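The values are calculated or read from the model by the stated rules, or taken from the named source; none is laboratory data. No experiment lies behind these values; they were computed from the predicted model shown. Positions of Cβ are generated from backbone atoms using ideal geometry, with glycine treated the same way; all protein chains shown enter the neighbour counts. Each accessible area value is taken on the protein alone, full model and side chains, heavy atoms only, with ligands, DNA and RNA left out. Shrake-Rupley method; radii C 1.70, N 1.55, O 1.52, S 1.80 Å.
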Amino acid sequence: MGLNRNQIAQRISNEVEDGFVVNLGIGIPTLVANFIPDELDVVLQSENGLLGMGPFPSKENVDADLINAGKQTISTVPGSSFFSSADSFAMIRGGHVDLTVLGAMQVDIYGSIANWMIPGKMVKGMGGAMDLVAGAQRVIVAMQHMDKKGNSKLLTNCNLPLTGIHCINKVVTDMGVLNIKGQQFEIIEVAPGLNPEDVLKATEGKAVIHPDVKEMTF
Amino acid sequence: MSKVYKNATEAIAGIESNMTLLLGGFGLCGIPENCIAALKESGAKNLTCVSNNAGVDDFGLGLLLQSRQIKKMISSYVGENATFEKQFLDGDLDVELTPQGTLAERLRAGGAGIPAFYTPTGVGTLVAENKEEREFDGRKFILEKAIRGDFAYVKAWKGDTMGNLIYKKTARNFNPMIATAGRITIAEVEHLVEPGELEPDQIHTPGIFVQRIFQGSHYEKRIEQLTISES
């Protein structure tokens, strides 16, 4: 029951359009790259200073001077370019990136997202996430619908420190796909084997079931 | 007047406790390894360090955290360092977390003579607390201040004796802005060459921004996440 990490990533890959420049966050978002169809012209941006990110390198081609934002060794593709962090965030903040996919600890009906801090517990920092949600044309969140204790992570109001406000358009979870608009979640797709009502029940924030809701297929 | 120094120890001369230092690099990529080692040797304390990350426990800025020479970090992401987390949670280390793009722009502004700028990043979050908010064309922005440092330390692939620098691949990252924002900027390079050997069209950081330069040695270039393709 419910989607695994790869299935969440695969579903998000459907949102990627021909010609898009896409920035993928760490975790499930990174997996999205594996599902983007070859026939689409898509450029991956890595905010540490690379446009045109390729796959992991072969052993012989590992280069400590060539990493992605997750600090993983990476490769370039024909047409890649390198640039400074200031140029990178001019791309991001300036609205030149079409889509970013990020993980989240919480999202809410106002399209706000929390993904960088748990007060008193976790102090890792926001990295580029605040700039990405403020600047990318579209922001999609990849996340688990509920935490390990069974509490919903799709809320009326995030109670963790925010990463950005009014910036999330769509959430893809292990349970389904939800749009955020008009200050509510709209369930548009459900994971195989789940009912829309299951997703509704697992969503703490106000949610409605889209009349054309469908079951996802893989 | 020559900008060339023999090694890191000589190049960092003038470092004192309580100074603000800017350090290039993203993770462990493109960090001024030689300067960090020399800073540790210098024993300077109560330093404020501006760097996107704080290194790992036993490398990069983690070395200066271990020796408790840093009193404050201004960074965007510090997640890979347990020493950092412990010192912060114990209240021994002051931290100003700044969004990565804002950090890059604060440094760029510092070097460019711009005292502050408005950005949409962080509006409505903890980052916006105590900052001026202003609306432009119906959208909210916050005022962020420029950063300058007493010393700036950058790492480049190649440099000439006039201080012109060329970075390699993603080791460029924060280095170009940091080079502009130091009252004294010290560049360590893998290859130090004579003027004329670098193509003027290829220079990333013009020598005007660099006051001291030396050829580094024993680069470890540690990789944080070694990921390779199976095929």
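In region A:118-138, which residue that is within 11 Å of chain B (Cβ to nearest Cβ) and over 17 Å from the mean Cα position of the chain (by Cα) is modelled with the lowest pLDDT? Give the derivation first.
The first filter runs over region A:118-138 and keeps only residues within 11 Å of chain B (Cβ to nearest Cβ), leaving A:119-135.
Going one step further and asking which of them are over 17 Å from the mean Cα position of the chain (by Cα), we end up with A:119-125.
Numbers: A:Pro119: 87, A:Gly120: 79, A:Lys121: 79, A:Met122: 72, A:Val123: 76, A:Lys124: 87, A:Gly125: 92.
Among them, the one singled out is A:Met122.
Is at least one residue of region A:76-96 part of a strand (DSSP E or B) and open to solvent by less than 10 Å² (accessible area, probe 1.4 Å)? Full working, then the answer.
So in region A:76-96, the residues part of a strand (DSSP E or B) come out as A:76-82.
Checking which are open to solvent by less than 10 Å² (accessible area, probe 1.4 Å) leaves us with none.
Checked region A:76-96: no residue is part of a strand (DSSP E or B) and open to solvent by less than 10 Å² (accessible area, probe 1.4 Å).
Considering region A:26-49 alone, what residues qualify as being assigned to a helix (DSSP H, G or I), within 13 Å of A:Asn68 (Cβ to Cβ) and β-branched (Val, Ile, Thr)?
A:Thr30
Hey, does region B:84-92 have a residue that's facing another protein chain (nearest Cβ under 10 Å), open to solvent by less than 10 Å² (accessible area, probe 1.4 Å) and not in a strand (DSSP E or B)?
Going through region B:84-92, the residues facing another protein chain (nearest Cβ under 10 Å) turn out to be B:84-85, B:88-89.
From what is left, the residues that are open to solvent by less than 10 Å² (accessible area, probe 1.4 Å) are B:84.
Checking which are not in a strand (DSSP E or B) leaves us with B:84.
Scanning region B:84-92 turns up at least one residue that is facing another protein chain (nearest Cβ under 10 Å), open to solvent by less than 10 Å² (accessible area, probe 1.4 Å) and not in a strand (DSSP E or B).
For region A:28-55, which residues satisfy the criterion of being buried (at least 19 other Cβ atoms within 10 Å of the Cβ) and facing another protein chain (nearest Cβ under 9 Å)?
A:Ser46, A:Glu47, A:Asn48, A:Gly49, A:Leu50
Filter region A:110-153 for residues that are touching a Pro at 6+ places or on another chain (Cβ under 8 Å) and among the hydrophobic types (A, V, I, L, M, F, W, C); which is nearest to A:Lys201 (Cα to Cα)?
If we take residues in region A:110-153 being touching a Pro at 6+ places or on another chain (Cβ under 8 Å) and among the hydrophobic types (A, V, I, L, M, F, W, C), then A:Ala142 is nearest to A:Lys201 (Cα to Cα).
Within the set of pairs 6+ apart or on separate chains, which have a first residue in region B:134-161 that is in contact (Cβ under 8 Å) with a residue 40 or more places away in the chain, a second that is assigned to a strand (DSSP E or B) and of a type in the set (Ser, Thr, Tyr), and C-beta atoms under 6 Å apart?
Between residues of region B:134-161 that are in contact (Cβ under 8 Å) with a residue 40 or more places away in the chain and residues that are assigned to a strand (DSSP E or B) and of a type in the set (Ser, Thr, Tyr), the close pairs are B:Glu144/B:Thr119; B:Gly149/B:Thr20; B:Asp150/B:Thr20; B:Ala152/B:Thr185.
When residues of region B:26-39 are filtered for being touching a helix residue (DSSP H, G or I) at 6+ places or on another chain (Cβ under 6 Å) and either in a loop (DSSP other than H, G, I, E, B) or acidic (Asp, Glu) (or both), how many remain?
1
Hey, can you tell me all the residues within region B:104-133 that are without any contact (Cβ under 8 Å) to a residue 12 or more places away in the chain, open to solvent by 70 Å² or more (accessible area, probe 1.4 Å) and over 22 Å from B:Tyr77 (Cα atoms)?
If the condition is that a residue be without any contact (Cβ under 8 Å) to a residue 12 or more places away in the chain, open to solvent by 70 Å² or more (accessible area, probe 1.4 Å) and over 22 Å from B:Tyr77 (Cα atoms), then B:Glu132, B:Glu133 are the ones that fit.
Could you list all residues from region A:97-117 that are in a strand (DSSP E or B) and within 11 Å of chain B (Cβ to nearest Cβ)?
Here is the first cut: in region A:97-117, the ones in a strand (DSSP E or B) are A:99-103, A:106-108, A:113-114.
Listed by number, the residues that qualify are A:Ile113, A:Ala114.
Can you name the residue in region A:59-73 that is of a type in the set (A, V, I, L, M) and out of contact with any Lys or Arg (no Cβ under 7 Å at 6 or more places or on another chain) and, of all such residues, is surrounded by the fewest Cβ atoms within 10 Å (Cβ to Cβ)?
Let us first name the residues in region A:59-73 that are of a type in the set (A, V, I, L, M), namely A:62, A:64, A:66-67, A:69.
Still in the list and also out of contact with any Lys or Arg (no Cβ under 7 Å at 6 or more places or on another chain): A:62, A:67, A:69.
Numbers: A:Val62: 16, A:Ile67: 28, A:Ala69: 26.
Per the criteria, the residue is A:Val62.
For region A:4-25, how many residues meet the condition of being surrounded by fewer than 17 Cβ atoms within 10 Å (Cβ to Cβ) and not in a helix (DSSP H, G or I)? If you could, list the steps in order and put the result at the bottom.
Pass one, region A:4-25, residues surrounded by fewer than 17 Cβ atoms within 10 Å (Cβ to Cβ): A:4-6, A:14, A:17-19.
Now restrict to residues that are not in a helix (DSSP H, G or I): A:4, A:14, A:17-19.
Matching residues across region A:4-25 total 5.
Go through the residues of region B:193-202 one by one and say whether even a single one is within 14 Å of chain A (Cβ to nearest Cβ) and part of a loop (DSSP other than H, G, I, E, B).
Step one: filter region B:193-202 for residues within 14 Å of chain A (Cβ to nearest Cβ), giving B:202.
Narrowing further to those that are part of a loop (DSSP other than H, G, I, E, B): none.
There is no residue in region B:193-202 that is within 14 Å of chain A (Cβ to nearest Cβ) and part of a loop (DSSP other than H, G, I, E, B).
Taking B:Thr161, is it of a type outside the set (A, V, I, L, M), crowded, with 24+ Cβ neighbours inside 10 Å and farther than 25 Å from A:Asp63 by Cα? Break it down into steps so the answer makes sense when it comes.
Values: of a type outside the set (A, V, I, L, M): yes; crowded, with 24+ Cβ neighbours inside 10 Å: no; farther than 25 Å from A:Asp63 by Cα: yes.
Judged against the criteria, B:Thr161 is not a match.
How many of the residues in region B:1-39 are within 14 Å of chain A (Cβ to nearest Cβ) and aromatic (Phe, Trp, Tyr)?
1
Tally time: how many residues in region B:106-115 are among the hydrophobic types (A, V, I, L, M, F, W, C) and at the interface with another protein chain (Cβ under 9 Å from one of its Cβ atoms)?
Taking region B:106-115 first, the residues among the hydrophobic types (A, V, I, L, M, F, W, C) are B:107, B:109, B:112, B:114.
Applying the additional criterion that residues be at the interface with another protein chain (Cβ under 9 Å from one of its Cβ atoms) yields B:107.
Matching residues across region B:106-115 total 1.
Between a first residue in region B:1-19 that is of a type in the set (Gly, Ala, Ser) and a second residue that is outside any helix (DSSP H, G or I) and modelled with pLDDT of 95 or more, which pairs have beta carbons less than 6 Å apart while being 6 or more apart in sequence or on different chains?
So the pair list comes out as B:Ala11/B:Tyr5; B:Ala11/B:Ile186; B:Ala11/B:Arg212; B:Ala11/B:Phe214; B:Ser17/B:Ala44; B:Ser17/B:Lys45; B:Ser17/B:Asn46.
Here's the yes/no breakdown for (1) closer than 18 Å to B:Arg172 by Cβ; (2) touching a Gly at 6+ places or on another chain (Cβ under 9 Å); (3) touching a residue at least 12 places away in the same chain (Cβ under 8 Å); (4) within 7 Å of another protein chain (Cβ to nearest Cβ):
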site	(1), (2), (3), (4)
A:Pro57	no, no, yes, yes
A:Glu60	no, no, no, no
A:Ala64	yes, no, no, yes
A:Lys71	yes, yes, no, yes
A:Ser75	yes, yes, yes, no
A:Ser85	yes, yes, yes, yes
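For (1) in a loop (DSSP other than H, G, I, E, B); (2) open to solvent by 30 Å² or more (accessible area, probe 1.4 Å), each residue gets a yes or a no:
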{"position": "B:Glu10", "(1), (2)": "no, yes"}
{"position": "B:Leu21", "(1), (2)": "no, no"}
{"position": "B:Glu41", "(1), (2)": "no, yes"}
{"position": "B:Ala44", "(1), (2)": "yes, no"}
{"position": "B:Met73", "(1), (2)": "no, no"}
{"position": "B:Glu80", "(1), (2)": "yes, yes"}
